[in-house]
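K.L.:
Got a structure for you, questions after.
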Amino acid sequence: MEKYRNVFVIAQKEFADNIWSPRFVILMLVFTTIVFSLSYGSGIGSESTISRSYLDIAQIVSLFLPFMGIALGFDAICKEREASSLNVLLTHPIYRDNIIAGKTLGAMITLVLVVFVSIFIVLGTMLVASGTELSLPMLNRLVVFAILTYLYLSIFLALGILGSIVTKNATKSLVYNIAIWVVLCIVFGMICTTTASIIAGHKPTDLDDSGYFLELNADIQKLSPAHHYAMTVSGVPSLSWLGVSSERSSVRGIFDTEHTLEQWWNEFWINVLILTITPVFLIIMAFITFLRQDISKDMG
Amino acid sequence: MESMSVESMSVESMSVESMSMELEQSGILQETDEFAIETIHLSKFFGKEKQIRAVDNLNLQVKKGEVFGFVGPNGAGKTTTMKMLIGLLEPSEGSGKVAGFDIVREVINIRETTGVLPEPAGFYDNLTARQNLRFYAKLYNIEPGVREKRIVNLLETVGLTRAIDQKTGGFSTGMRKRFGLAQALVNEPSVLFLDEPTSGIDPLGAQMMRDLIKELNRSKGVTVFLSSHSMEEVEEICDHIAIIAKGKLLAAGSVEDLRDMIREKEGVHYLLEVQDIPLSEAAEAVKNVEGVTAFDIRDRTLHVSAKMKLRTEIAKAVKKAGGTVSMFEEEEMNLQKLFLKIIEGA
Ligand SMILES: Nc1ncnc2c1ncn2[C@@H]1O[C@H](COP(=O)(O)OP(=O)(O)OP(=O)(O)O)[C@@H](O)[C@H]1O
Ligand SMILES: [Mg+2]
């Protein structure tokens, strides 16, 4: 245990740095404003409109909240390298793996805060606006929604940290990460459609979508974490812009109260598994990369 | 916590016992024990074909409690050596010990017992001096009460009391160097590594830093290993000096040893004032002393050049001729000149 004590020292500092940074406060404000407006608009309706509004929120989350994950991770290591503070930190008794573990942990805890504050705001706003009580089943679904969102965002957090390790400075890391985010979350639908069209020789003007084209399109979509998130929360293959989506799932996501949670799980467990494995895999990658930039090469 | 400290105490007393037993068994351990830093054939090569020999077969011995100066031009290998000594770089060849710990296998122990001012050194500029030190202190698990007191004391030691609650981002170069020293002292180290502690700061600040280092060494008995570009600087504060260029150790020894080296190369120059006989007579007498190469009379002073130290021989010769030596000085030798010559030759 003694060996890992400094993980928590680093994590604590990282967490404090994050929540006091202007960057974090601004992003958090923007995001909660969006969430607040959406939930207020639908708070006056019945429970079915509540689930409708979650779908709007799910799309916002799917498209834009990955940036929050990136913002928390993109400069974790390269910032310290640039400022030579890593140079000083490493002269103190701390293992390299503790540094990366502490930084990851600190950012993960911050992310918990981001997700739960947002969900809490949604809940509070809707309850106050509608004046109704939230049913227990709905609450369960909300918790699952929060966990799914957390898993999804932690993929981008891990990508950010990985970027901060492999690049020499924060600007480069940010550019790479934004590029990945735009491709994977915002325009991925379009990319899939285009790629599938080219491969299938399907003209965009063709009105009857050929089976091969749709199959290909659906397969390519699976490469983005956004697809797995979209499936689990709303049962649609993609929430990104400008793409063709083939038929949606019979279980319409986590807020589909016509199906039980068990039915939801049977339908989407593979997607949940992928959402869980991907961040773990990326974090392990980050560890290995950082440890390999080691003392024999003098990467600071 | 309590049971922990009892445990660590018993471990400590045990290791002392077993160590003294080993000491009795072997004379070697006793000998290595007097050194705070020791390297054997320490080398670091960079590049695909190991063509960059940043540090090449370095053998160093730094005694406990001394100030050791590591002097050399840019790219000499000073920083690379220090990085190896604190376990930030793995040696390509050779080995070393710091405070009795192996530089490859016992890196964390070394970092627990040493303090380092690296070059370049950066801090968390969004935090104040106090918050920065608090963070570093936490890495050593220092008890909060002790920690907070020590932070105040350290910042006082380095003259940053008034900046204690200022962000380090606003510090001047001189303040950053001094803060870097405070940061290195946070664990009360027994060995201090300072990489160019005075580079980039003004003469007054540099003098203050040198005085601080001397004081730390004197009052706390801290062994100091410092690197520098300036021979004058290491001459002022170091007990022993090593000159390094292109990765190779070119000369090492005490200031006096290095002076002897110059004497050997350049000869010795004496200044004499003589009474009772004319200077020319004294000069005649001195000329016959074996080893004297030249003499000159200027400003009522006899200037004598010799191949080696001939103080007593010269004094005897003057006395024999009936003169009385009223002043006998050796000309100040400039180590900087020697340094330049040595590194030019490399
Ligand atoms: N990571 C590295 N990769 C390749 N070469 C390196 C690396 N680190 C140092 N070197 C080379 O090793 C040599 C010694 O560098 P080092 O930094 O130890 O010198 P120094 O004595 O500290 O110089 P300075 O006074 O400029 O700080 C230089 O030629 C440098 O270019
Ligand atoms: Mg250097």
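K.L.:
Return the residues of segment B:119-128 that are under 14 Å from B:Gly200 (Cβ atoms), in contact (Cβ under 8 Å) with a residue 40 or more places away in the chain and facing chain A (nearest Cβ under 7 Å); say none if nothing qualifies.
P.N.:
B:Ala121
K.L.:
Confirm whether B:Glu143 is surrounded by 15 or more Cβ atoms within 10 Å (Cβ to Cβ), within 14 Å of chain A (Cβ to nearest Cβ) and under 30 Å from B:Lys64 (Cα atoms).
P.N.:
Against the criterion (surrounded by 15 or more Cβ atoms within 10 Å (Cβ to Cβ), within 14 Å of chain A (Cβ to nearest Cβ) and under 30 Å from B:Lys64 (Cα atoms)), B:Glu143 does not qualify.
K.L.:
Any idea which of B:Lys138, B:Lys149 is free of Cβ contacts under 8 Å to residues at least 24 places away in the same chain and crowded, with 20+ Cβ neighbours inside 10 Å?
P.N.:
B:Lys138
K.L.:
A further question follows. When the residues of segment A:49-75 are filtered to those that are part of a loop (DSSP other than H, G, I, E, B) and away from chain B (no Cβ under 13 Å), which remaining residue is modelled with the highest pLDDT?
P.N.:
Looking at the filtered set, the residue picked out is A:Phe74.
K.L.:
Kindly indicate whether A:Ile161 is under 27 Å from B:Lys138 (Cβ atoms), in a helix (DSSP H, G or I) and within 17 Å of the chain's Cα centre (by Cα).
P.N.:
yes
K.L.:
Quickly run through segment B:218-272 and pick out the residues that are away from ligand 1 (no atom under 16 Å from the Cβ), assigned to a strand (DSSP E or B) and in contact (Cβ under 8 Å) with a residue 40 or more places away in the chain.
P.N.:
The answer is B:Thr223, B:Val224, B:His240, B:Val268, B:His269, B:Tyr270, B:Leu271, B:Leu272.
K.L.:
Out of the residues in segment B:52-72 that are among the small types (Gly, Ala, Ser) and either within 10 Å of ligand 2 (Cβ to nearest atom) or under 18 Å from B:Pro91 (Cβ atoms) (or both), state the one that is farthest from the other protein chains (Cβ to nearest Cβ).
P.N.:
Selected residue: B:Gly72.
K.L.:
What are the residues in segment B:172-204 that are within 11 Å of chain A (Cβ to nearest Cβ) and part of a loop (DSSP other than H, G, I, E, B), if any?
P.N.:
B:Val186, B:Asn187, B:Pro189, listed by residue number.
K.L.:
Which one is farthest from the other protein chains (Cβ to nearest Cβ), of the residues in segment B:73-94 that are of a type in the set (Val, Ile, Thr) and within 21 Å of B:Ala251 (Cα to Cα)?
P.N.:
B:Thr81
K.L.:
Quick one: in segment B:73-118, which of the residues that are within 12 Å of ligand 1 (Cβ to nearest atom) and at positive phi is surrounded by the most Cβ atoms within 10 Å (Cβ to Cβ)?
P.N.:
B:Gly77
K.L.:
Something else now. Looking at B:Ala36, B:Ala99, B:Ala76, can you tell me which residue is in contact (Cβ under 8 Å) with a residue 40 or more places away in the chain and within 13 Å of ligand 2 (Cβ to nearest atom)?
P.N.:
Exactly one residue qualifies, and that residue is B:Ala76.
Yes or no, residue by residue, for (1) part of a helix (DSSP H, G or I); (2) buried (at least 18 other Cβ atoms within 10 Å of the Cβ); (3) touching a residue at least 60 places away in the same chain (Cβ under 8 Å):
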| residue | (1), (2), (3) |
| --- | --- |
| A:Ala101 | yes, yes, yes |
| A:Thr104 | yes, yes, yes |
| A:Leu111 | yes, yes, no |
| A:Phe116 | yes, no, no |
| A:Ser154 | yes, yes, yes |
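The values are calculated or read from the model by the stated rules, or taken from the named source; none is laboratory data. Computed from a predicted model, the values in this text were never measured in an experiment. All Cβ positions, glycine included, derive from the backbone under ideal geometry; neighbour counts span all protein chains shown.
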